[in-house]
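Asks: Here it is, the structure, as structure tokens.
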Amino acid sequence: MITAIINGQVFDGERVLEDTTVVLDGSRITAVGGEAPAGAEIVDAVGGTLLPGLFDAHVHTSDEALALALRFGITTELEMQGMNTGAVRRRVSENDSLADVRSAGFGITPPGGHPSELMPKGFKPGGHRGRGDGGAPREVPLMPFSTTPEEAVGFVPRLVEAGSDYIKFMVDDGSVEGHPGLPMLDQATLSAGVAEAHRHGMLTIAHTLTVDATRMAIEAGIDGFAHLFMDRPHTEEIIGLIAASGAFVVPCVVLNASMMGITGASLSADPRVGSRLDEAWTNALNTSYDRYPQGRLEDVLASVKALHDAGVDLLAGTDSAPMPLQFMGGVVHGASVHQELQYLVRAGLTPVQALRAATAAPARRFGLSDRGRIAEGLRADLLLVAGDPTTTIGDTLNLREVWRRGTRMTLSAS
Ligand SMILES: [Zn+2]
């Protein structure tokens with residue numbers, strides 16, 4: 001079936017195109033510009049803006065969470081630790097009622113290292129059945145506990161074999177999570193693991209919340225950061241090191257805010273958000289993680305701006321978790337991406353620069369060349385909103401329609 005979306009403004013992932021027709025045929029975009037083909041189903045986007053489906057570049061997810069994300073216009077979630085690798089990921093990819101997903105599998109960390117401190121006593125990730133998966137037993141995940149370079153090197157090919165789409169390294173001594181003194185990867189182990197992952201052609205990502213851990217990951221040659229440090233204000237030196245390394249950063253400002261005790265209550269009070277969340281997700285959003293109240297959100301926002309000014313690629317992410325929400329609050333799937341975009345603008349990015357962080361930039365940095373932009377031949381992953389988020393970022397929440405691989409879901413009656 002051919003669909004033509006007409007009369008709308010288009011943000012193509014990089015720039016704004018006035019009043020441009022976009023044509024879909026099945027799961028693909030077949031034209032940007034020109035006339036609507038005869039016989040096409042017409043979607044009148046007048047007064048609205050068509051965007052690429054959004055990314056969340058830092059999640060931990062489940063089928064239920066992927067469905068929620070899609071209902072907020074997120075068509076791809078990038079899991080930074082979790083179960084959605086291999087066979088699970090293929091099943092998700094074929095289901096157009098869920099956001100698509102890529103996953104690191106489990107991250108390399110020492111025994112007892114992060115995120116062990118977050119797990120309830122006796123928690124076994126492979127020991128229960130996931131929600132919404134039809135009752136199929138989950139594969140027991142590969143837990144790549146490593147304390148030596150040899151162990152880290154040994155786990156990398158096993159993670160690749162088990163279906164990890166990129167390799168995650170935890171570099172965390174627990175100091176901003178209320179657990180100082182956690183066992184942490186040392187420099188030699190981290191460096192050896194990153195080098196081995198690169199030997200396998202894998203993208204490498206570090207979990208770091210402090211400046212010192214960030215410096216270690218740069219020393220190891222990491223490709224990207226799943227968080228922005230929050231233990232102190234940035235210096236020119238650390239910004240310069242990150243920029244020179246070429247690494248991207250997923251600041252997850254919403255998560256850092258939650259760590260400081262800032263809840264998502266202002267977001268859930270927005271009727272465009274609150275009306276789309278059930279009670280459990282609303283309650284989750286209305287709490288906070290609250291582990292580092294001495295942190296300063298203004299410092300985090302200033303670091304975001306400094307990274308942007310230094311030319312570092314910033315990607316929009318949230319660190320949202322799946323239900324049942326055992327560890328984290330204040331951020332939820334889908335809705336928090338929109339809040340992250342608002343934070344990026346508050347930090348000093350233009351709305352267009354913020355939108356790139358949730359579209360073209362994550363696609364490019366994760367090698368997903370079939371999405372993240374509106375261009376001929378790409379996947380028909382699209383979001384239509386009312387208004388103009390390229391000038392008013394909050395308009396991303398005026399959700400009208402989402403297409404996932406060409407399958408349309410109406411999000412609003414208007
Ligand atoms: Zn995370």
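The values are calculated or read from the model by the stated rules, or taken from the named source; none is laboratory data. It should be emphasised that the depicted structure is a prediction, and the values quoted were computed from it without experimental measurement. Cβ atoms come from the backbone with ideal geometry, glycine included; neighbour counts cover every protein chain shown. Note: areas computed on protein heavy atoms with side chains; ligands, DNA, RNA excluded. Shrake-Rupley method; radii C 1.70, N 1.55, O 1.52, S 1.80 Å.
Asks: Considering the chain, what Rg and Dmax in Å follow from its alpha-carbon atoms?
Replies: Computed over the Cα atoms of the chain, radius of gyration and Dmax are 20.4, 67 Å.
Asks: Okay, next question. State the Cα centre-to-centre distance between region 166-240 and region 363-390 in whole Å.
Replies: Taking the Cα centre of each part, region 166-240 and region 363-390 sit 29 Å apart.
Asks: Which is the longest part of the chain that has none of the GluC sites (Glu not before Pro) sitting in a DSSP loop with at most 13 other Cβ atoms within 10 Å?
Replies: With a cap of 13 other Cβ atoms within 10 Å, the longest stretch comes to 95-375.
Asks: Counting each DSSP H run of 4 or more residues in the chain as -39500 (n - 2.57), what helix-only mean residue ellipticity at 222 nm follows after dividing by all residues, to the nearest 500 deg cm²/dmol? Don't skip to the answer; put the middle values down first.
Replies: On the way: 14 runs with 122 residues, N = 414.
Value at 222 nm, helices only, nearest 500: -8000 deg cm²/dmol.
Asks: Right, something else. Residue separation times 0.36 nm, minus the C-alpha to C-alpha distance between ASP25 and ASN95: what's the value?
Replies: Residue separation times 0.36 nm, minus the Cα-Cα distance, leaves 23.4 nm.
Asks: Where does the Debye-calculated log10 I(q)/I(0) of region 134-290 sit at q = 0.10 Å⁻¹, using only Cα point scatterers of equal weight, no solvent?
Replies: Here the Debye-derived log intensity ratios amount to -0.47.
Asks: So, one more: Under the Karplus relation 6.51 cos²θ - 1.76 cosθ + 1.60, θ = phi - 60°, what is the ordered set of whole-Hz ³J(HN,Hα) values for region 161-166, x standing for Gly and Pro?
Replies: 4, 7, x, 5, 8, 7
Asks: Would you mind checking the radius of gyration and Dmax of region 155-232 based on alpha-carbon positions, in Å?
Replies: 12.4, 38
Asks: Ignoring ligands, DNA and RNA, what percent of the accessible area of region 53-371 is carbon or sulfur (1.4 Å)? The partial results should precede the final answer.
Replies: Working: 5920 of 11230 Å².
The value for region 53-371 is 53 percent carbon and sulfur by accessible area.
Asks: Taking a probe of 1.4 Å, how large is the accessible area per residue of the chain, in Å²?
Replies: On the way: 15010 Å² over 414 residues.
Averaged over the residues of the chain, the accessible area is 36 Å².
Asks: While we're on this one: Considering the chain as a Gaussian network with a 10 Å cut-off on Cα pairs, which listed residue, ARG379, ARG346, ARG158, attains the greatest mean-square fluctuation?
Replies: In the Gaussian network model the winner is ARG158.
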